[in-house]
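Before any comments, here is the structure.
What follows is calculated from the coordinates using simple rules that are stated; it is not laboratory data. Just so it is clear, the model here is predicted, and its values are computed rather than measured. Because the Cβ atoms are built from the backbone with ideal geometry, glycine has one as well, and the counts that use them run over all protein chains shown.
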């Protein structure tokens, strides 16, 4: 039987927060998993560009968005699998619900520079203490 604490639950993002007013609760990024090249649905020759992952030299992949709680290291969000060539990181974040959850919670995420309108960047843009 699976332990309750090991389940992926959005509400677990606040476990271990230093205070009730903590704004930064999760880090977000996407990861690609290589897959066998799928057959094209349009009948054209060659690989299907909707699965083309830049992380694998344009070979096929599926993309997952992962949210990790900063203070407890629990996975609190997963979105995917999605065709890597069709779904860029920021598109997944803004169009498939996580951005809205974060905004409604009045929180921010820590992520790389493409999320700059929503977060502190790992590249040093934003709040220097992070």
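A few comments on the model shown:
- Values (1) 25; (2) 31; (3) 14 are given for comparison; percent of Cα pairs over 26 Å apart, derived from the coordinates here, is the one labelled (2).
- Taking 7 Å steps out from each Cα toward its Cβ at residue 56 and residue 9 produces label points 3.4 nm apart.
- Estimated 222 nm signal from helices in the chain, with DSSP H stretches of n ≥ 4 weighted -39500 (n - 2.57), rounded to 500: -2500 deg cm²/dmol
- Listed residues 12, 73, 21, most fluctuating in the chain (Gaussian network, C-alpha, under 10 Å): 21
- Potential lengthening between residue 44 and residue 18 on full extension [0.36 nm per residue; Cα-Cα distance subtracted]: 3.9 nm
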